[in-house]
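Chemist: One structure is given below, represented as structure tokens, and several questions about it will come after.
Taken together, the values in this text are just the output of simple stated rules run on the coordinates, not laboratory data. Just so you know, these numbers come straight off a predicted model, no measurement behind them. Every residue, glycine among them, receives a Cβ derived from its backbone with ideal geometry; neighbour counts consider all protein chains shown.
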Amino acid sequence: MRNKKNILLSLLSVTLLSCFTYVMSQSKPVETKVSQDTLKTDKLKMVPLNDSVFSVEGLKLKVYKKSAHASYYHDRFNGKRTASGARFNNNKYTAAHKKLPFGTKVKVTNEANGKFVIVEITDRGPFVKTREIDLSKRAFMEIAKNKGAGAMNVTIETIEK
């Protein structure tokens, strides 16, 4: 009786594994799309690359803070008004900062992997003493090393026009 259970369990495991392998082999690779709001800044001459990280060729950057603690907005803030008056959208490249003026473009670089995004300051915060900047979820995930992370150390650089 026990031998039959082991055989059935083995067959079930092999069947599930082969189904999973088949489904994974049939799935198409996901293409990354560059958000339109990141392309509107012709003045900054940002060039989207294949991995949707941008080139900052020709930009004047000024280091604002190194080893800054960054986090991202919770989904519950979607659609709510920011301090600048704009509606918040977690799919745009925006951020909240305590002191930088609204409309300031900043380059935020993940110190762990070197990936960066360019975001616009549209809100005030974060209201946690240890955090320097809150990124939209899209911007955060774009540069995150681990997609399950909720915070990271970043370098913040302001973009001078």
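Chemist: Determine the alpha carbon to alpha carbon distance for each of LYS60/LYS80; LYS107/LYS137; LYS115/LYS137; LYS65/LYS145; LYS60/LYS147 and list only those over 25 Å.
Modeler: Check vs 25 Å cut-off fails for LYS60/LYS80; LYS60/LYS147.
Chemist: Work out how much length SER13 to LYS147 would gain on full extension: take 0.36 nm times their residue separation and subtract the Cα-Cα distance, in nm to one decimal.
Modeler: Gain on stretching SER13 to LYS147: 45.3 nm.
Chemist: Calculate one ³J(HN,Hα) per residue across the stretch 98-108 by plugging θ = phi - 60° into the Karplus curve 6.51 cos²θ - 1.76 cosθ + 1.60, and present them in order as whole Hz with x for glycine and proline.
Modeler: 6, 10, 4, x, 4, x, 5, 8, 10, 9, 10
Chemist: Hey, another quick one. Which cross-chain or sequence-distant (5 or more) residues have an amide H under 5 Å from the amide H of GLY125, H modelled 1.01 Å from N in plane?
Modeler: Sorted by chain and number, the residues that satisfy this are HIS97, LYS98.
Chemist: If amide H atoms are built 1.01 Å from N in the plane of the peptide, which residues on other chains or at least 5 residues away come under 5 Å of the amide H of LYS115?
Modeler: Amide H neighbours of LYS115: ASN110.
Chemist: How charged is the neighbourhood of LYS98? Take every other residue with its Cβ under 15 Å from the Cβ of LYS98, and add Lys/Arg as +1 and Asp/Glu as -1. If you can, show how the numbers build up before the last one.
Modeler: On the way: positive: LYS65, LYS99, ARG124, LYS129, ARG131; negative: ASP123, GLU132, ASP134.
Once all neighbours under 15 Å are counted, the net charge is +2.
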